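Please treat every number below as a calculation from the coordinates, not as lab data. Computed from a predicted structure; not experimentally measured. Because the Cβ atoms are built from the backbone with ideal geometry, glycine has one as well, and the counts that use them run over all protein chains shown.
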Amino acid sequence: MPGLSPVFNARTAEASPAVLGILVCERDDRPPFAESAFLRRLDRIGSRRGLRVMAFAPWTWDWREGTVKGWTWDTGERRWITAREPLPAVAYDRAWPETDDEKRRYRAALRRLRENAKLTLLNGCLPHKGKVYESLAKIGSLRKLIPPTALYRGPDSLSEWLNEYAGAAFLKPIAGSKGRRVAAVSERRDGTVALTGRLNDNRPFRIEAANRREAIDRLARWIGDRSYLMQPLLELNNEDGNPFDLRALMQKDADGRWALTGIAARLGAAGTVTANLHGGGTAAPAYGTLARQFGECRGRELLRKATDASFAIAASLETSFGRMAEIGLDYGIDRNGKLWFLEANAKPGRAAMASAGASAASAAAERPLSYAKSILLRLATTDNRCSPQGNGC
């Protein structure tokens, strides 16, 4: 492809303003991409709202014709069918590249597409966790929610951290997701060390080390040259001793205003260190979970605090990193009832919202389409398809 932006001529296809593209990563098996069931649901909702939903991988873009290899759901044949389609004006990123090579391919293709074509991303993206923490820590009301955090810089940095935080630490990838490749370190009085966490495929592990040096060396080999963050090992467990957290889903409504879709509790499996659903956790109603742990009055107060924090965090992240359509926010609550912000996800799952109530589960799928349609209507009248500021992935 030439280095200059392509010149669109009479043969260049024009995208319909009533089409929402869904960015995916194609695969050879069936279904042809992840979240097929969710995309079919978007297709059903979109058809009721006069919005056509089409999935495509960014590397299928043909700059000469202005088309992509589009996937649409054929209700009659009950299968995904494909055809060359005009590049949509707006795209909703639900791609899940798996390997490092696939991640590089996806990012390069999306960057090429955005630099050379008119495409608005519905949902922006966030930088790594360290930058998110730094940004939120600048706001006084949010600073107290963020656990002490430092960059892992090798064995000596972890040893110093253990000295400062009573022989315990939680390590997580600076750019990880779904609870994968996290590790908890806990020294015992006899000098032995328990290492627990999750592997890259989200399977839990538990290792007993004879002493701190053995534990630190094991972790150093496991981490390798990856970037990690260190935090205190907070006691984020329920009354049964199993991990639990809260997932809040913030989404833009049809008017472009932030709305809290719902808050659900996520309960981790026994013997694990995280509550992620991808790692075997289950979802539960937030209030009931908190009431059992802290009592009804304190449970309501914690929900209110999580709600207030979610609106403040969503607004702050959007100010710092560009326009967003939705953000998943995770909170931990320690044994003393202290609320902690754990992380934010600009490409959140929504399975937990079923436990937040029927209206939350419905809104979780409908709100992105309502917001997308409002953007498409505006673009149809202004043809101002500028990408969201500052959210290039």
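Observations
- Across the chain, Cα pairs under 8 Å and at least six residues apart give a relative contact order of 17 percent.
- Of interest is the spacing of the C-alpha centroids, which for the range 143-209 and the range 79-102 amounts to 36 Å.
- Over the residues of the chain, the helix contribution to mean residue ellipticity at 222 nm works out to -10000 deg cm²/dmol, using -39500 (n - 2.57) for each DSSP H run of at least 4.
- Distant-in-sequence amide H partners of Y92 (H built 1.01 Å from N, under 5 Å): G21, I22, L23, L122
- Of T99, T307, T319, the one that fluctuates the most in a GNM where the chain has Cα springs shorter than 10 Å: T99
- Paramagnetic reach from E115 (point 7 Å along Cα→Cβ, amide N under 18 Å) across the range 38-71: 58-64
- Axial C-alpha extent at least 20 Å, average Kyte-Doolittle at least -1.0 - helices from the chain (DSSP): 296-321, 358-382
- Computed E for L151/A18 - FRET, C-beta separation, R0 51 angstrom, nearest 0.05: 0.65
- Segment D190-K178, extension gain: residue separation times 0.36 nm, minus the distance between their alpha carbons: 1.0 nm
- Stretchable slack from D308 to R206, in nm (0.36 nm times residue separation minus alpha-carbon distance): 33.1 nm
- Efficiency of FRET from Cβ geometry, A354 and R64, R₀ 56 Å, rounded to 0.05: 0.80
- Extension gain (nm, one decimal) between R221 and R300, 0.36 nm per residue minus Cα-Cα: 24.0 nm
- Residues T120, T381, T261, T282, ranked from the fewest to the most other C-beta atoms within 10 Å, line up as T381, T282, T120, T261.
- Under 5 Å, built H, 5+ apart or other chain: amide partners of L229: Y152, K172, I174
- Residue of G224, G332, G268 that the Gaussian network model of the chain assigns the largest fluctuation, springs spanning Cα pairs under 10 Å: G224
- Efficiency of FRET between R48 and E26 - r from beta-carbon atoms, R0 35 angstrom, step 0.05: 0.80
- Sorted by Cβ neighbour density within 10 Å, fewest at the top, the residues D93, D101, D225: D225, D101, D93
- Going by neighbour counts of Cβ atoms within 10 Å, the residues E235, E343 line up, fewest first, as E235, E343.
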